[in-house]
1. Starting from the exponent 0.38 and prefactor 2.2 Å, build the expected Rg for the stretch 162-222 from its residue count and divide its actual Cα Rg by it.
2. Using the Cα gyration tensor of the stretch 95-174, with a ≥ b ≥ c the square roots of its eigenvalues, what is the shape: rounded (a/c below 1.5), prolate (a/b larger than b/c) or oblate (neither)?
3. Please build a GNM for the chain, connecting alpha carbons under 10 Å apart, and tell me which residue among GLY46, GLY138, GLY89 fluctuates the most.
4. Binning at 10 angstrom from zero up to the longest distance, how are the C-alpha pair distances of the stretch 264-308 distributed in percent?
5. Roll a 1.4 angstrom probe over the protein heavy atoms and tell me the percent of accessible area of the stretch 74-143 that is carbon or sulfur.
6. Take the Cα atoms of the stretch 130-288, find their three principal axes, and give me the spread along each one in whole Å, biggest first.
7. Under a 1.4 Å probe, what is the accessible area of the chain per residue, stated in Å²?
8. Given the -39500 (n - 2.57) contribution per DSSP H run of 4+ residues, what per-residue ellipticity at 222 nm results for the chain, rounded to the nearest 500 deg cm²/dmol?
Amino acid sequence: MNKENSLISVIVPMHNETEVIEQFFTRITPILDSVGNWEIICVDDGSTDDTWQKITYYTENNKQVRGLRLSRNFGKEAALTAGLDSSKGDAVIPIDADLQDPPELIPEMVEKWQQGFKVVLATRRSRDEGWLKRKSAGAFYKLMQKVSHVKIPENTGDFRLMDRMVVETIKKMTERTRFMKGIFAWSGYTTTTIFFDRPERAAGQTKWNYWKLWRFALDGIFSFTTLPLRIWTYIGATISIFAFIYGSIILLRTLIYGNNLPGYTSIMVMILFLGGIQLLSLGVLGEYIGRIYRESKNRPIYVIEESI
Ligand code: UDP
Ligand code: MG
């Protein structure tokens with residue numbers, strides 16, 4: 001395949017990124033120029049500051065820049081999807097606006113792609129993010145690898161290069177719960193990895209907090225495995241075995257010693273324990289049913305209000 005005149009699409013989801021947008025453009029454009037033909041698609045994910053005005057400015061001054069404004073904040077995953085859907089490039093690179101994904105890696109990614117890799121992952125070598133975030137992220141990846149058949153690469157965000165073929169595959173995945181890391185990983189294809197040290201945010205604030213990250217992790221688990229549903233079969237079976245053993249013991253004791261009626265403690269323990277277990281399993285069922293409900297409504301993943 002001739003990849004000399006190929007087009008590289010860069011997709012940038014932006015939510016209130018007015019503070020970094022200039023730095024972003026000054027750093028990325030010379031790099032892209034050195035690589036070849038390119039387009040940048042800025043997806044304004046319902047910003048409440050003047051991010052959109054700034055995007056407009058760049059689109060007016062450079063034909064290679066396009067802007068999509070979503071009708072409200074749909075979340076990064078939806079914004080990325082919007083960008084992927086409208087990208088035209090032979091290779092597509094999603095990148096964060098805050099320069100935590102160094103644009104300097106792009107030439108190397110493109111080189112690997114020209115060598116024939118369909119996916120080039122950019123994996124961070126280190127995570128200097130504080131103990132709790134590091135540990136919880138590590139635990140999440142371990143769990144995901146155990147419970148799901150989809151291999152989600154550790155310490156890898158959405159920053160990667162994807163061949164057009166990969167993008168077309170991803171566009172066929174129309175699920176509403178958009179756990180992009182999982183969706184990317186699900187599609188497979190010949191993959192290689194390059195490593196980098198992830199810098200701090202250039203300016204502005206992160207949009208993630210622990211609650212959001214927790215929801216995000218649950219999305220990942222519930223959309224890529226049904227193990228949480230199946231596990232109740234085994235828990236149920238184990239409890240039944242114990243119940244049978246304990247029941248036999250009580251029965252024997254009553255037959256031998258007669259009925260002397262104590263047993264308040266054991267009854268209470270069992271009622272509470274079983275009640276708890278049942279509520280837990282109902283919660284898990286609820287997670288899946290909620291997702292089925294959301295999918296069945298078939299609403300669009302994002303809504304574009306303006307496109308320039
Ligand atoms: N982002 C978005 N919609 C959101 C939240 C974030 O498009 O609802 C974008 C944000 O503008 C940035 C990228 O997603 O370009 C990563 O966000 P952030 O830097 O806050 O995440 P972190 O790097 O802390 O994981
Ligand atoms: Mg960031």
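1. Cα Rg divided by the expected 2.2 N^0.38 Å: 1.40.
2. Since a/c reaches 1.5 but b/c is at least a/b, the shape of the stretch 95-174 is classed as oblate.
3. GLY138
4. Calculated over all Cα pairs of the stretch 264-308, the distribution is 22, 24, 20, 16, 11, 6, 2, 0 percent.
5. 54 percent
6. Here the spans come out as 76, 34, 26 Å, largest first.
7. That works out to 55 Å² per residue.
8. Counting only the DSSP helices, I get -17000 deg cm²/dmol.
The values are calculated or read from the model by the stated rules, or taken from the named source; none is laboratory data. In this text the structure is predicted, and so the values were computed from the model without any measurement. Cβ sites come from the backbone with ideal geometry, for glycine too, and all protein chains shown count toward neighbours. Just the protein is used for accessible areas: all its heavy atoms, side chains included, with ligands, DNA and RNA removed. Shrake-Rupley method; radii C 1.70, N 1.55, O 1.52, S 1.80 Å.
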